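*Asks:* Dropping the structure in here first, questions after.
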Amino acid sequence: MRVRLEDVARKAGVSPKTVSRVLNDEANVTDTTRERVRAAMEEMDYRPHPSARSLAGNRSFLVAMLYDNNDNPASTYLAEIQDGVLEACDAHRYSMMVRPLRMRDGDFIRRLDALISDHHPDGVVLTPPITDYAPLLKRLREANVPYASVSPVRQAKTLGVRMDEQQAARAIVEHLLALGHRRIAHVIGIANHGASRWRLAGYREAMAAAGLDEDPALVVQGAFTFASGVEAARHLFSLPDRPTAVFAANDDMATGVMWAAGEYGLKVPHDVSVCGFDDTPLSRQLWPALTTVQQPSREMGKIAAEQLLSELRGHGTGKLVQIPFSLQIRGSTAAAP
């Protein structure tokens, strides 16, 4: 026979309402009681019916992760964030859905309204670049849908997670400077992306601190894709005084730079050093392996979802968490030729 909520209540010596509160992660239950109820559920292999749980709590127990990745639909970065959000949702018995919302589409707000109306998510996790898209944030507030953000530019009164990407970019350029490089190029990411601005600012900060004037020819627009990295590198390697090092704003573009180096007969790192940003699995699969900034994308997705879930459960402890970065120094960078 199917174990009922009332059976768990009797086993734990509490009321059915208390079991319901534990199931819904409500705040007004003592830790001791919560553990006793969970132990009873585990012992009796109790599995609450999802629809009954939703009705009891007047919630959907659904979190939506929203993204705009029109330029790079195969992004490893987004896949890792998604894994982290899913891990947090699973731990708290929430379901998760993933939906694209492209800012360039004219029906952006209509599609958002349809998502809210059709699926009734309790909250959403926003990923760059839509983390700071004003019409989206305004609509979520009007619909009373809580949200947490990954790497938001606007940080006041925001839940979620961020990393100091400007300082991280400065640190990896300082690594190149310490190797003796002075002709250091930068491939920028998507123009409307906060990460692009932070990483460019870090590059400029490191170069200025070293007393080096910026050469506009060494700063090339990219789009966070392999193909844009190839095109940017072709421009850079065609210069009469080509760079001895290239810092690309993500690993996909850095991979494109390495590919183009081979096309131009340049050996990495003997002729040109290359570094990226994110520390995706691809960065460790290249030869030579890519020097990069480790941005723990999976952990960031998990933390953002946890901050959102904390608010949804009524704990009121959700905040904007800053996590540290680290440099992964590998074989793609070496002393300046």
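*Asks:* Indicate, rounded to the nearest 5 percent, the antiparallel portion of the DSSP beta bridges found entirely in the chain.
*Replies:* On the way: 3 of 34 bridges.
Given both bridge residues lie in the chain, the antiparallel proportion sits at roughly 10 percent.
*Asks:* While we're here: Under 5 Å between amide H atoms, partner at least 5 residues away or on a different chain: which partners does Met96 have, H built in plane at 1.01 Å?
*Replies:* Val63
*Asks:* For the chain, which whole percent of the accessible surface, found with a 1.4 angstrom probe, sits on carbon and sulfur atoms?
*Replies:* So the carbon and sulfur contribution to the accessible surface is 51 percent.
*Asks:* With a cut-off of 8 Å between alpha carbons and a minimum separation of six or more residues, what is the relative contact order of the chain in percent?
*Replies:* Taking the mean separation of contacting Cα pairs over the length of the chain, I get 18 percent.
*Asks:* Mind checking which of His193, Gly106, Gly229 is farthest towards the positive end of the chain's charge dipole, using Cβ charges of +1 (Lys, Arg) and -1 (Asp, Glu) about the Cα centre?
*Replies:* Gly106
*Asks:* Another question, if that's okay. Determine the per residue accessible area of the chain with all protein chains present and a 1.4 angstrom probe, expressed in square angstrom.
*Replies:* In whole numbers, the chain has 45 Å² accessible per residue.
*Asks:* Shifting gears a bit: Can you list the residues, at least 5 places off or on another chain, whose amide H is less than 5 Å from the amide H of Phe224, using H built in the peptide plane?
*Replies:* Ile190
*Asks:* Let me ask something else. Using a 10 angstrom Cβ neighbour count of at most 16 plus a DSSP loop assignment to flag exposed GluC sites (Glu not before Pro), which longest range of the chain is free of such sites?
*Replies:* Free of exposed loop sites, the longest segment is 27-213.
*Asks:* Could you list which residues have their amide H under 5 Å from that of His186, counting only those 5 or more apart in sequence or on another chain, with H placed in the peptide plane?
*Replies:* Result for His186 returns Val219, Val220, Phe247.
*Asks:* Go through Arg141, Arg183 and list them by solvent-accessible area, largest first, probe radius 1.4 Å.
*Replies:* Arg141, Arg183
The values are calculated or read from the model by the stated rules, or taken from the named source; none is laboratory data. Just so it is clear, the structure is predicted and the values come from calculations on it, not from any experiment. Ideal geometry is used to build each Cβ from the backbone, glycine not excepted, and the neighbour counts take in all protein chains shown. Surface accessibility is based on the protein's heavy atoms, side chains included, excluding ligands, DNA and RNA. Shrake-Rupley method; radii C 1.70, N 1.55, O 1.52, S 1.80 Å.
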